[in-house]
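Notes for the one structure printed next.
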Amino acid sequence: PMNTGACLPHSPEDVARMLGVIGVESLEDLFSDIPPSLRASGAPDIPPGLCETALYREFERLRNAGRTCVSFLGAGCYDHLVPSIVPFVTGRTEFATSYTPYQAEASQGMLQAIYEYQTMITLLVGLPVSNASLYDGATAAAEACAMARSARKGARVIGVSPLVHPHALEVLETFFSDSGAEIARLPESEGATDWSGLGKIEGEELACVLVQSPNRYGIVEDLTGLAARLGKTGALLVVSANPMSLGVLKSPGEWGADIAVGNGQPFGLGQNFGGPGVGYIAAGRSLMRLMPGRIVGETVDSEGARAFVLTLQAREQHIRRERATSNICTNQALAALAVAAYLAAVGREGVRRIASLNVHKARYLAGRITAETPARLAYDHPYFNEFVLDLPRSARDTADALLEEGVLAGVPLDEFGGGDPNRLLVAVTEKRTRAEMDRYVDLIRKVIA
């Protein structure tokens, strides 16, 4: 039975009076149309609430736990430096309390911030049109594939590299379930996508191919010739990229991608126990009217002054439902503002410098580990700032042992979409000091000796 006192601000008498007016005997009767097989059999397994004092104590524990651990966690969420200007800007009340910008009364300040975000994303990924942001990288990947299907007149097959982030793969499966689309996973070989399998799905029914680089193992995929090959059939190329890597690697636009997607978390959002992130999506001009969400544009007002407007809003409330590519109706405005503040603060050269530090520090750590311990790199491919270690013992046991020493050693692959239980995904960012990396090597040596 539902505990009305715990979840509603009404007394039992209030509830009984309301039920009597609508002609039902209990709150459970309101859900009688839901099949029993779909209804929860009991309350979710959630701990009881805490009093205010205990809650503050728990928050303090969590805060201190995060501060005392050195993080080598990655797998899509990275421990980058967040310049102090970012929380200063996003914490200003003009932004933090801004109404969600989907109506005409949206403030010029928020619209300009989104416009600047869009501009910087296009410069970063090498494609001319960006929207105002999406929920996260996984959502962006699914929306990009939906764009491709619309552009290809409902083409049925979506080719996907198996080395796309596991969360994105799960979102794709859910997003396109019962839609008539078929998600065809390409084979992999030694930690990279095996493009020889593309021939099996090429043809009129192929809407797009989604590939991630750096992929889920941190490996940089070689996309040479892929865009030209797909272009012969009309299929679109969707490239998901860690935006920080674009400071030193080819942009999706340089690879010939039709659509670029990814998670902007590395730019000013911190790890924050896993979120929030922000999804980016950019494309060529020919696909602009198929993009989800909204696009902010620049114009002039009645007096000739610079002004910003919601230029395109391809959602069901604004256009015919059957013509809407997506029903998404919002964006991560505050998180996108953090990205814009970060990029404005560090600049073009800053992104390049930070990305370069990620590369060199990752190679320093990997080099010391493989030279001084029994651990080996699992794959012989170029990588950006994370790599897979092949350990002589369980990756989970290794990670647990290092956690006792205040080090988050990495992500065991068998807990990250499946994989060898002795393989550990390790991420290194510009925040990691030589002393922290040297201590990591010492700990790994002791644990796996």
Going by average Cβ density within 10 Å per residue, which order do the peptides 425-431, 396-402 take, highest to lowest?
425-431, 396-402
Show me, for the stretch 29-34, the HN-Hα J-couplings you get by feeding each phi into the Karplus relation (A = 6.51, B = -1.76, C = 1.60, θ = phi - 60°), rounded to Hz, glycine and proline as x.
5, 5, 10, 5, 6, 7
Along the Cα→Cβ direction, 7 angstrom out, place labels at Phe59 and Arg376. What is the inter-label distance in nm?
5.0
Show which lysines lie in cross-link reach of Lys200 when reach means a straight Cα distance below 27 angstrom and same-chain residues fewer than eight apart are skipped.
Lys153, Lys232
With a 1.4 Å probe and all protein chains left in place, how much of the accessible area of the chain comes from carbon and sulfur atoms, in whole percent?
53
For Asp420, what is the net charge nearby, where nearby means another residue's Cβ is under 14 Å from its Cβ and Lys, Arg count +1, Asp, Glu -1?
-1
Accessible area (Å², 1.4 Å probe, nearest 10) - Ile85
80
So, relative contact order of the stretch 191-260 in percent, Cα under 8 Å, 6 or more apart, is 32
Tell me, what is the 1.4 Å probe accessible area of Ile34, in Å² to the nearest 10?
70
Once the Cα gyration tensor of the stretch 322-449 is found, what semi-axes does its equivalent ellipsoid get, as square roots of 5 times the eigenvalues, in whole Å, sorted largest first?
33, 21, 14
So, for the Cα atoms of the chain, Rg and Dmax in Å stand at 24.3, 76
Net charge over other residues, Cβ less than 15 angstrom from the Cβ of Cys208 (K, R count +1; D, E count -1):
+1
Per residue, how much accessible surface does the stretch 17-176 expose to a 1.4 Å probe? Answer in Å², no decimals.
56
Spacing of the two label points (7 Å from each Cα toward its C-beta) at Thr233 and Ser84, in nm:
5.4
How high is the relative contact order of the chain, in percent, with contacts defined as C-alpha pairs under 8 Å that are six or more residues apart?
20
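The values are calculated or read from the model by the stated rules, or taken from the named source; none is laboratory data. The structure presented is a predicted model; accordingly, all values stated were derived computationally and were not measured. With ideal geometry, Cβ positions are generated from the backbone for all residues, glycine too; neighbour counts draw on all protein chains shown. Heads up: the accessible areas ignore ligands, DNA and RNA and are worked out on the full protein's heavy atoms, side chains in. Shrake-Rupley method; radii C 1.70, N 1.55, O 1.52, S 1.80 Å.
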